[in-house]
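The values are calculated or read from the model by the stated rules, or taken from the named source; none is laboratory data. Model, not experiment: these values are computed from the prediction. Glycine also receives a Cβ, built like all others from the backbone with ideal geometry; neighbour counts cover every protein chain displayed.
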Amino acid sequence: MNKEEFNKLQISEQIDFINSELKNNKSITSVCKELGVGRSTIRDRFKKANYSYSKDLNKYTFNENTKDSSQELIQGKNRCNTSAIYNKNTDLSNNSSIVTVLEKSDQEIQKNLLDLVNNYDVLKEIIELHRRNTSVIKQQIIINLEDTETTTTTLRINKTILEKFNEFCNENKQFKKVDLLSQSLKNFIEQHS
């Protein structure tokens with residue numbers, strides 16, 4: 001059995017599979033290694049279903065004393081798959097981001113969170129730039145002009161278009177008006193020549 005097949009099993013079937021492997025004198029670590037699933041993932045997944053490993057019995061057993069909302073998920077005929085324990089509305093097999101998170105070890109998750117915390121200011125700045133420049137990002141505006149001097153000229157232009165252009169420039173202050181106008185004229189000439 002591989003990881004994908006294992007993850008598609010209902011939680012009770014996963015527990016039965018692991019317990020049967022343990023009954024065949026395999027260790028939890030070796031079973032997890034064969035499946036390609038982290039031991040901590042199995043532990044946390046089964047813990048959410050109120051199962052814990054018993055060294056004395058060498059198997060996962062149900063904790064009857066623990067009251068948990070996930071208890072009802074695995075009892076009776078209406079058993080659920082693993083995804084229901086994490087999010088009742090998410091199909092685990094179709095959501096790779098959830099599978100990725102579930103497969104990561106606690107150390108990996110902690111390291112990723114620390115990286116996010118250490119780069120908080122940078123991420124916040126990127127998010128703010130994105131909010132201000134959503135239209136620019138979508139349109140992928142690239143200023144590709146020769147480095148030459150600029151000149152002043154007087155043009156007659158449609159009033160509505162000028163207002164929209166000025167509004168656009170105010171929303172995208174990372175660009176100079178002269179560069180936006182020059183790039184627009186250049187693109188027009190290249191497209192119609």
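Condition check: of a type in the set (Val, Ile, Thr), farther than 17 Å from residue 106 by Cβ and surrounded by 14 or more Cβ atoms within 10 Å (Cβ to Cβ). Does residue 28 satisfy that?
So residue 28 does not fit the description; no.
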From the option list 147, 121, single residue qualifying as assigned to a helix (DSSP H, G or I) and either surrounded by 10 or more Cβ atoms within 10 Å (Cβ to Cβ) or at pLDDT 80 or above (or both) is 121
Starting from the stretch 107-133, take each residue that is assigned by TED's automatic domain parsing to the domain that holds residue 174 and list its partners that are surrounded by 10 or more Cβ atoms within 10 Å (Cβ to Cβ) and at pLDDT 85 or above, counting only C-beta distances under 7 angstrom and pairs at least six apart or across chains. none
Criterion violated by residue 92 - all others in (1) at pLDDT below 80; (2) surrounded by fewer than 12 Cβ atoms within 10 Å (Cβ to Cβ) satisfied: (2)
